[in-house]
Amino acid sequence: MLDHPQSAAAAAAPTNAAETGSAATGSTQDQRTVFDLALIQRYDQSGPRYTSYPTAVEFDPAFDADRYAEVCRASNAGGGPLSLYFHIPFCDTVCFYCACNKIATKDRTRAQPYLERVYKELELQSALFDNDRVVEQLHWGGGTPTFISHAQMRELMAQTRKHFKLADDDRGEFSIEIDPREANADTIALLREIGFNRMSLGVQDFDPKVQKAVNRIQSEEETMAVLQAARDQGFRSISIDLIYGLPHQTADSFMQTLERIIEVGPDRLSVFNYAHLPSRFMPQRRIAEPDLPPPEVKLEILQSTIERLTSAGWLYIGMDHFARPDDELALAQRDGTLYRNFQGYSTHADCDLIGIGVTSIGMVGNTYGQNRRELDEYYADIDAGRLPVFRGIELNRDDLIRRDVITRLICHFRLDFGDVERRWDIRFGDYFATSLSKLDGMVKDGLLEIDAGGIRVLPKGRLLIRNICMAFDAYMEAKQGKVGFSKVI
């Protein structure tokens, strides 16, 4: 494992050092990524993003609100910190590429009735957890969280503090998703005042032609003003979100946006692959398919992005995420404590996650539970004094073992067989004989190496980590036909 930040030069150097050493141990090249076009084209299939295992397609209505409540109460025996996720579904305008659960409306009065239900849910949820359990992680997502007014932001945080004990600023990781069109310097100052210390800014692309095609007109000046305000207010981490594969994008045009982002130097950067699934997401039907870049152009954009960010000093954390070498995510990846959940990569693996609001997903104990996905149904449950959990899953022993393996691989790109065997009292080679056989071709292709000690994902395999994880997914074998997963690249 690394014990110091990797330099930009080392990160970019095309050496073969990563091809040597034990598969189960780290090296100074662990966080290097190699783009191999031929391999990516060969392995580019659909698959889960593994924000959970089992994935949400396995959730079952048999896991209902009553069972969720029992699990929450039982979790108090182990204690431990909490994480809160709030879903604010409203957006002033709809971005055509969006696949999130959102409600596009110009009517700002719709926010208050929703928040009133959120306050009631906070009360219902807090009754299930011991008062001494501290919230170390909190996130507002959406939708557009800043759709609500400044007064409503204050009240939502006040209601949260009324029902839960929040960690202090030094210890808590409190983040919010920001649409720069829906925020200004006063908004950012307020968010810092009420407790937020991290944010992600949605940018996608600065090219006006691309913005027009996806109905997201957002000037560079708006974005930079919000970013500077966040720095002035002392936000500890600023992340920027980009999307490749949008209409009219080329490698050259996308690099212009990327160069501007590199200039301002956020702590983290997410570069998401646009998945065009108009049959599932109605707004995407308003995107003209002939305007989308062909697969070879998308790959060119991705390759150029990785090479440029690597040369500029960012490390590829995995699953579209990049971070500076001294960022918390990069440090956690090197010391083996990085975790992944519905909010992406995290350094808080020991938290029970409580989902608040329509469609939110929680993870308490060895279960996942999801709230109602339709606003009317969510309101009906809350108004009747019921928790709005309508489906979920209780993980069996096999689920837990496989989740552990997949999490280790997707977070750290390595797996120590001995660690897994000691934790779960299994013989790895026997338990995962079928899974290991599925990796034979990937070993031959140089995506990973396997020895008696474990598995190490090589630089050429990092971009294809979802393919590697799928070998350990027991549910993938039973899938027939399309299940709606996005392409891995």
*First in region 240-255 and at positive phi, second anywhere and open to solvent by less than 20 Å² (accessible area, probe 1.4 Å), Cβ under 8 Å, 6 or more apart*: 245/274; 245/293; 245/301; 248/210; 248/293
*If you take the residues of region 77-125 that are of a type in the set (S, T, N, Q) and out of contact with any strand residue (DSSP E or B) (no Cβ under 9 Å at 6 or more places or on another chain), which of them is most open to solvent (accessible area, probe 1.4 Å)?*
109
*Tally the residues that are of a type outside the set (D, E, K, R), assigned to a helix (DSSP H, G or I) and under 22 Å from residue 184 (Cα atoms), restricting the search to region 132-168.*
10
*For region 45-57, enumerate the residues that are out of contact with any helix residue (DSSP H, G or I) (no Cβ under 9 Å at 6 or more places or on another chain) and farther than 13 Å from residue 408 by Cα.*
46, 55, 56, 57
*Quick check, is residue 349 within 16 Å of the chain's Cα centre (by Cα), open to solvent by less than 20 Å² (accessible area, probe 1.4 Å), small (Gly, Ala, Ser) and at pLDDT below 95?*
no
*Identify, by number, the condition in (1) modelled with pLDDT of 95 or more; (2) of a type in the set (A, V, I, L, M, F, W, C); (3) within 23 Å of the chain's Cα centre (by Cα) that residue 272 doesn't meet.*
(1)
*Pairs, please: C-beta under 6 Å, at least 6 apart or cross-chain, first residue under 23 Å from residue 324 (Cα atoms) and in region 295-310, second surrounded by fewer than 16 Cβ atoms within 10 Å (Cβ to Cβ) and hydroxyl-bearing (Ser, Thr, Tyr)?*
none
*Which one is modelled with the lowest pLDDT, of the residues in region 447-489 that are open to solvent by 30 Å² or more (accessible area, probe 1.4 Å) and assigned to a strand (DSSP E or B)?*
487
_Testing residue 386 on (1) surrounded by fewer than 19 Cβ atoms within 10 Å (Cβ to Cβ); (2) in a loop (DSSP other than H, G, I, E, B); (3) within 20 Å of the chain's Cα centre (by Cα), one condition comes back false. Which one is that?_
(3)
*asked:* Quick check on region 393-416. Is at least one of its residues part of a helix (DSSP H, G or I), touching a strand residue (DSSP E or B) at 6+ places or on another chain (Cβ under 7 Å) and of a type in the set (Ser, Thr, Tyr)?
replied: yes
*Looking for whichever is open to solvent by 10 Å² or more (accessible area, probe 1.4 Å) and more than 23 Å from the chain's Cα centre (by Cα) here; the options are 171, 161, 181, 192. Which one fits?*
161
*asked:* Checking the condition under 19 Å from residue 359 (Cβ atoms), at pLDDT 95 or above and among the hydrophobic types (A, V, I, L, M, F, W, C), which residue from 128, 156, 166 passes?
replied: 156
*Of all the residues that make up region 216-239, how many are under 25 Å from residue 286 (Cβ atoms), β-branched (Val, Ile, Thr) and open to solvent by less than 60 Å² (accessible area, probe 1.4 Å)?*
1
*Return the total of residues in region 252-296 being of a type in the set (Val, Ile, Thr) and either open to solvent by 70 Å² or more (accessible area, probe 1.4 Å) or closer than 12 Å to residue 98 by Cα (or both).*
1
*Take region 240-251 and flag every residue that is open to solvent by 10 Å² or more (accessible area, probe 1.4 Å) and touching a Lys or Arg at 6+ places or on another chain (Cβ under 7 Å).*
248
_Can you pull out every residue in region 101-131 that is touching a His at 6+ places or on another chain (Cβ under 9 Å), outside any helix (DSSP H, G or I) and in contact (Cβ under 8 Å) with a residue 40 or more places away in the chain?_
101
*Please verify whether region 415-429 includes one or more residues that are surrounded by 22 or more Cβ atoms within 10 Å (Cβ to Cβ), closer than 22 Å to residue 54 by Cα and under 25 Å from the mean Cα position of the chain (by Cα).*
yes
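The values are calculated or read from the model by the stated rules, or taken from the named source; none is laboratory data. Just so it is clear, the structure is predicted and the values come from calculations on it, not from any experiment. Positions of Cβ are generated from backbone atoms using ideal geometry, with glycine treated the same way; all protein chains shown enter the neighbour counts. When the accessible area is computed, the model is the full protein with side chains, heavy atoms only, and any ligands, DNA or RNA have been set aside. Shrake-Rupley method; radii C 1.70, N 1.55, O 1.52, S 1.80 Å.
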